[in-house]
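Report on the following structure.
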Amino acid sequence: MVIVLLSLCQVHGAGFPANAVAQYWGQNSAESGSTQKNLASYCDDSTDILLLSFLNEFNVGDLPTLNFADACTTTFSGTKLLHCPSIAKDIKTCQSKGKKILLSLGGAAGSYGFDSDDEATTFAQTLYDMFGDGTHKYRPFDDAVVDGFDFDIEGGGSCGYGTLSRALKSLSDGGLLITGAPQCPFPDSMLGEALNDGEFDAVFVQFYNNYCSPSGNKFNFDTWDHWAKNRGIKVFLGLPGSSTAAGSGYIPFDRIQKVVAEVEQYDSYGGVMFWDASQSYGNTDEPPNLASAVGDLVHDGATPSSLGTLLDPSPTTSAPMTAARSLTMQSSSPKPSDSVNSDDPCSSADQKCSGTHFATCSHHQWILQPCPSGLTCVSTTNDDDNVYCGSSPSAYKNNRVQAHLTILSTTNSTWAAILNARRTDPKPFGSHIVIQFPWPDAPLVSVQHGTFAQSLANVVLQIKNPHRTAMALVVRLTGTILPSRVLITPPSIHFYS
């Protein structure tokens with residue numbers, strides 16, 4: 001598949017303030033009855049943009065479905081569509097303070113997707129009539145009008161979203177703000193085409209739950225800047241609001257300071273995004289809370305980092321992958337690394353990539369060994385001093401699921417990883433998912449959201465979906481490494497749902 005850059009892309013972004021902070025609101029991801037406050041409570045000096053999350057089910061011909069956790073539970077009579085007068089009041093309050101309020105479509109939980117561009121065009125009119133300046137029998141926010149729409153498309157395929165963005169811009173004479181929330185691997189498997197041929201003002205890139213987080217050594221804000229800067233699109237640094245907000249990628253405030261100092265030098269930099277408000281406002285590790293501390297940092301500008309650049313100055317891109325029958329790794333070229341030779345001196349217990357080989361330090365001398373055929377040596381996400389044999393950052397992919405297996409860390413005896421899976425068709429994951437893969441040299445110890453069975457070379461995970469239906473699934477895995485071995489990732493992964 002070749003992505004063509006069309007002349008449809010126009011210069012946008014003027015609708016957002018410079019150096020802004022965006023917060024997703026509505027899902028109460030901190031999962032406590034007291035952690036998510038009403039929308040207006042977050043329209044303070046720390047936050048500039050609120051993203052109402054989510055409109056999580058939409059199919060042409062049916063009314064869409066909203067979910068705001070416990071913030072709104074009343075429905076229009078005879079429907080499942082929420083009617084939220086209190087949120088409507090808060091939208092107006094926030095807008096009177098100069099805040100931008102966007103409705104976010106998608107999210108991990110739910111069921112959505114288009115089969116054609118015509119469906120997307122029809123749905124654009126529905127969105128405009130229900131939440132914009134149009135008229136509709138059912139308006140969940142009554143006469144309150146959102147400032148735009150955000151596409152947080154975690155699964156369901158890529159069809160229609162470029163058309164949806166252009167149709168919404170056309171209906172509003174360009175007045176609606178349109179944003180996307182791609183995951184950080186570039187190009188995003190769901191929104192990549194839409195971002196190239198659609199009309200977007202900003203992207204809230206999710207720099208977490210993947211290898212390209214600033215918590216590790218493969219941070220790729222530069223790649224997103226390279227794509228965005230000639231389009232006039234602003235790129236936001238998307239971060240978890242606390243250590244419990246995502247499976248991986250959380251960084252504390254002192255690290256955020258250094259990262260912001262780096263990324264604010266890029267022309268496309270728009271600010272910081274948090275998932276979500278219940279987490280960032282409830283995180284008191286940096287008094288009074290992380291949201292306030294980052295609000296001051298972003299609005300005032302960060303001081304230059306004294307630790308040197310966090311980013312590779314030469315942008316790299318990932319080519320789109322070809323579908324395969326099973327989820328088999330698609331190879332890509334690794335970034336260059338410093339080479340060492342056998343018998344070169346080294347420090348105790350070090351590991352290192354040397355080209356496609358891995359080097360281990362034994363008795364203060366490097367010993368080089370090749371990775372298995374088709375694999376290459378890769379540094380773990382969180383530490384350059386530990387390595388594994390794999391095909392990261394490439395994805396496992398077939399015509400229904402795409403997955404990234406990110407090795408977060410390894411030691412001489414243990415490993416930790418995140419499996420981030422996304423549906424590539426409109427059918428969501430169900431309540432129970434079975435995942436199978438061959439992994440003979442990496443005995444499992446724990447699996448988030450489920451159980452596992454491992455015999456000889458075969459691993460079977462039984463995952464209980466935290467949501468009734470979901471377009472995406474994130475599972476944390478831990479295990480052990482056999483003595484005198486380097487971790488080798490599985491050649492394929494199979495999903496059954």
**Q.** Which listed residue, of Ser409, Ser394, is assigned to a strand (DSSP E or B), of a type in the set (Gly, Ala, Ser) and modelled with pLDDT under 95
**A.** Ser409
Q) Taking region 33-49 as the region of interest, how many residues are over 23 Å from the mean Cα position of the chain (by Cα) and modelled with pLDDT under 95? A) 2
(Q) If Val203 meets every condition in (1) in a loop (DSSP other than H, G, I, E, B); (2) under 12 Å from the mean Cα position of the chain (by Cα); (3) at pLDDT 95 or above apart from one, which number is that one? (A) (1)
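Glu119 - would you say it is charged (D, E, K, R) and assigned to a strand (DSSP E or B)?
On the way: charged (D, E, K, R): yes; assigned to a strand (DSSP E or B): no.
In short, no.
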Q. When you look at Val260, is it within 19 Å of Asp48 (Cβ to Cβ), at pLDDT 95 or above and in a helix (DSSP H, G or I), yes or no?
A. yes
Q: Hey, can you tell me all the residues within region 227-257 that are of a type in the set (Val, Ile, Thr) and part of a loop (DSSP other than H, G, I, E, B)?
A: Ile233, Thr244, Ile251
(Q) If a residue must be assigned to a strand (DSSP E or B) and within 30 Å of the chain's Cα centre (by Cα), how many such residues does region 358-376 contain? (A) 2
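Kindly check whether there is at least one residue in region 328-341 that is outside any loop (DSSP other than H, G, I, E, B), within 22 Å of Tyr211 (Cα to Cα), within 29 Å of the chain's Cα centre (by Cα) and modelled with pLDDT under 80.
Yes, there is a match, as at least one residue in region 328-341 is outside any loop (DSSP other than H, G, I, E, B), within 22 Å of Tyr211 (Cα to Cα), within 29 Å of the chain's Cα centre (by Cα) and modelled with pLDDT under 80.
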Q) Quick check: anything in region 164-181 of a type in the set (Val, Ile, Thr), closer than 20 Å to Arg422 by Cβ and modelled with pLDDT of 95 or more? A) yes
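Quick grid of which residues meet (1) loosely packed, with under 15 Cβ neighbours inside 10 Å; (2) outside any strand (DSSP E or B):
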{"residue": "Asp62", "(1), (2)": "yes, yes"}
{"residue": "Asp70", "(1), (2)": "yes, yes"}
{"residue": "Thr73", "(1), (2)": "yes, yes"}
{"residue": "Ser77", "(1), (2)": "yes, yes"}
{"residue": "Lys80", "(1), (2)": "yes, yes"}
{"residue": "Ala88", "(1), (2)": "no, yes"}
{"residue": "Lys92", "(1), (2)": "no, yes"}
{"residue": "Gly98", "(1), (2)": "yes, yes"}
{"residue": "Ser104", "(1), (2)": "no, no"}
Q) Given the structure, is Gln454 outside the structural domain of Phe219 (by TED's automatic domain parsing), at pLDDT 95 or above and either surrounded by 15 or more Cβ atoms within 10 Å (Cβ to Cβ) or touching a Ser or Thr at 6+ places or on another chain (Cβ under 8 Å) (or both)? A) no
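Can you confirm whether region 174-184 contains a residue that is farther than 21 Å from Phe54 by Cα, outside the structural domain of Ile418 (by TED's automatic domain parsing) and not in a strand (DSSP E or B)? Working first, answer last.
Quick first cut of region 174-184, residues farther than 21 Å from Phe54 by Cα only: 174-175.
Filter once more, so that each one left must be outside the structural domain of Ile418 (by TED's automatic domain parsing): 174-175.
Checking which are not in a strand (DSSP E or B) leaves us with 174-175.
Within region 174-184 (the criterion being farther than 21 Å from Phe54 by Cα, outside the structural domain of Ile418 (by TED's automatic domain parsing) and not in a strand (DSSP E or B)), the answer is yes, since at least one residue qualifies.
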(Q) Going through Asn386, Asn458 one at a time, which residue ends up being polar (S, T, N, Q), free of Cβ contacts under 8 Å to residues at least 60 places away in the same chain and under 22 Å from Thr360 (Cβ atoms)? (A) Asn386
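Yes or no, residue by residue, for (1) over 22 Å from Ser497 (Cβ atoms); (2) part of a strand (DSSP E or B):
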residue: Gln402; (1), (2): no, yes
residue: Lys427; (1), (2): no, no
residue: Pro440; (1), (2): yes, no
residue: Ala453; (1), (2): no, yes
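The values are calculated or read from the model by the stated rules, or taken from the named source; none is laboratory data. Computed from a predicted model, the values in this text were never measured in an experiment. In this analysis, Cβ positions are derived from the backbone assuming ideal geometry, glycine residues included, and neighbour counts consider all displayed protein chains.
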